[in-house]
Amino acid sequence: MLDNVVIVGGGTAGWMTASYLKAAFGENINITLVESGQVGTIGVGEATFSDIRHFFEFLGLKEADWMPACNATYKLAVRFENWREPGHHFYHPFEHMPTVNGHSLTDWWLKEQPSDRFDKDCFVMASLIDAERSPRHLDGSLFEQEFVEGSKEAHGLTMSEHQGKVQFPYAYHFEAALLAKYLTEYATSRGVRHVVDTVQEVVQDERGWITSVRTDEHGDLGGDLFIDCTGFRGLLINKALEEPFISYSDTLPNDSAVALQVPMDMDKRGIRPCTTATAQDAGWIWTIPLMGRVGTGYVYAKDYLSPEEAESTLRKFVGPAAADVEANHIRMRIGRTRNSWVNNCVAVGLSSGFVEPLESTGIFFIHHAIEQLAKNFPSAAWNPKQREIYNDAIAHVMDGVREFLVLHYIGAKRSDNQYWRDAKTRPLPPGMAERLEQWKAQLPTSETIFPYYHGLPPYSYHCVLLGTGGIQVQSSPALGLTDSGPALEEFRQIREKTDHLISVLPRAYDYFARLH
């Protein structure tokens, strides 16, 4: 029987894994989590996909249980600023794209051009965010959204067991260190053994399988299954097992970041319920509003910008509030471990892989990996097919997200310096060039996007293509033979619904102040 799990590394990845596996298997497995009191965590992964709600639901946690403890707020979309040109912005929202007469509303927008803002014409969320509205009323009820049953295009519902369920309108922002602390209490209260110690050696048998990890003060911690949550170090998967790392740096060159946690009066500032990605000379700056502070950081390519220049740019961007805030400089390893499950070791989190956080995929990768592990949890027989299924799932997700992120850069209309000019000429991931040609003739569909991973639905590609503006797309010629009346009525209903919701929904800050 395989029932002894050792997780090496804490942080968000370690404690999400411990909590989920304990919730899944209860007393049937023993879990030990060992983490060093000296090794710091990255601690800036504060934005998520909307599927993360399923993680908290699985743990039996309600928003009122964990959100106040983590300074959490809602995220309705990603807002992209200056990717097309200075002063321009667009949204990639958590909202299903309507279909009219078999064609997406984006297709109809290209034909009819009801205004110059496709996101406000095709979605409710864009205007709600601009008005800083909460998606929930003060009594906690969710705003009356046209949920779509059975949609495979619902953004965020990327877990296989949730595929096809209703669209959910928001994700979360939270303070990663506080979430790790909250989950530590959750997991240990349910029997997870917590060891604070430094791992000095990974002990392997003659086959190369891990038998224990040797610590300073607790000796050897033995187990059946070892989970590597040691971050970019990849202490078990990369160093001990020597599994190679596949770099994405040829297609995604941003490899550095500098982050600030800036205290602010959020009542006075207001909470725009979205993650903002503002394009800069050598990358982009994220802005994430939390209760009591703003998380912000500059993701950049070190070949184009020094750490000192990046920090200076970020401080100027934030303004006087950042003057006395300590900066956290981060070197990022962009790409994925070739196989995230090798022998009896599974890598979860940064040790498995990472792409720059442009679409808030870091915590999603953790959640996805944990669910895949729980579905394919091994027995003492160690069926190799389970490893193959798991490794394929992880590789496909990461390769699919890489392609989607590359689209942001090759699609960006701006070309005002060498960084942005180079973005148009870098190598493309395999197969993407052909898909780009298809998208120029016809907007992406479920048949023409990355073939192995459809967690990012076609409308997500529509938002980036129309928003960044550097790749010319066109409406389907078939629309010229189709009655436009129903599409125009759909645009009218979206405007009407948007105006109503803005008038009745509370300010985002007011909702969170009541919740906290």
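Taken together, the values in this text are just the output of simple stated rules run on the coordinates, not laboratory data. These numbers come from a predicted model, not from an experiment. Backbone-built Cβ (ideal geometry, glycine too); neighbour counts: all protein chains shown.
Database remark: amide H of T337 closer than 5 angstrom to the amide H of I246, G353 (H placed geometrically; neighbours at sequence offset of 5 or more, or on other chains; Pro and chain starts carry no H). Normalised by residue count, the range 53-135 yields a Cα convex hull volume of 141 Å³ per residue. Its alpha carbons give the range 175-237 an Rg and a Dmax of 13.5, 43 Å.
The separation of the range 56-104 from the range 264-339, counted between C-alpha centres, amounts to 19 Å.
What are the equivalent ellipsoid semi-axes of the range 226-286, built from the alpha-carbon gyration tensor (square roots of five times its eigenvalues), in whole angstrom, biggest first?
On the way: eigenvalues 237, 67, 18 Å².
Whole-Å semi-axes of the equivalent ellipsoid: 34, 18, 9.
Report, to the nearest 10°, how far helix 176-188 tilts away from the longest principal axis of the Cα atoms in the chain, using its own Cα long axis and a range of 0 to 90°. So the inclination is approximately 50 degrees.
All C-alpha to C-alpha distances of the range 456-516, sorted into 5 Å bins beginning at zero, yield P(r) values of 4, 12, 11, 13, 19, 17, 11, 7, 4, 3, 1 percent in whole numbers. Helical content alone sets the calculated 222 nm signal of the chain at -10000 deg cm²/dmol, taking -39,500 (n - 2.57) per DSSP H segment of four or more residues and averaging over every residue.
When every Cα-Cα distance of the range 172-292 is counted in 5 angstrom steps from zero, the calculated P(r) takes the values 2, 8, 11, 14, 13, 14, 13, 12, 8, 4, 1, 0, 0 percent.
Find the Cα radius of gyration of the range 290-440, compare it with 2.2 N^0.38 Å by division, and give the number to two decimals. Intermediate results must be reported in sequence, preceding the final value.
Values: Rg = 19.2 Å, N = 151, 2.2 N^0.38 = 14.8 Å.
So the Cα radius of gyration is 1.30 times the expected 2.2 N^0.38 Å.
From Cα pairs below 8 angstrom and at least 6 apart in sequence, can you work out the relative contact order of the range 1-91, rounded to a whole percent? Computed value for the range 1-91: 23 percent relative contact order.
Helix 485-504 and the long axis of the chain differ in direction by around 70°, with both axes built from C-alpha atoms. With contacts taken as Cα pairs under 8 Å and at least 6 residues apart, the chain reaches a relative contact order of 23 percent.
For the range 247-356, the Cα gyration tensor yields ellipsoid semi-axes of 29, 18, 12 Å (square root of five times each eigenvalue, largest first, whole Å). Here the scattering of the range 372-422 is modelled by Debye summation over its C-alpha atoms, one equal scatterer each and no solvent; at q = 0.13, 0.16, 0.22 Å⁻¹ the log10 of I(q)/I(0) is -0.51, -0.60, -0.80. Between the amide H of V195 and those of L33, V34, E35, distances stay under 5 Å, these residues lying 5 or more places away or on another chain, with hydrogens modeled in the peptide plane. Which values of log₁₀ I(q)/I(0), to two decimal places, follow from the Debye formula for the range 321-369 at q = 0.26 Å⁻¹ with a uniform point scatterer at every Cα? Normalising to I(0) and taking log10 leaves -1.00. Beta bridges assigned by DSSP with both partners in the chain are antiparallel in approximately 75 percent of cases.
Phi angles across the range 333-339 convert, under the Karplus curve 6.51 cos²θ - 1.76 cosθ + 1.60 with θ = phi - 60°, into 3J(HN,Hα) values of 9, 9, x, 9, 5, 3, 10 Hz, Gly and Pro given as x. Sorting R214, R414 by the number of Cβ atoms found within 10 Å of their own Cβ, with the fewest placed first, yields R214, R414. Helix 11-25 and the long axis of the chain differ in direction by around 80°, with both axes built from C-alpha atoms. Looking at the calculated P(r) for the range 388-502, what percent of the C-alpha pair distances fall above 25 Å? The calculated P(r) of the range 388-502 puts 38 percent of pairs beyond 25 Å.
For D255, nonlocal amide neighbours, meaning residues 5 or more places apart or on other chains whose placed amide H falls under 5 Å from its own, are Y300, A301, K302.
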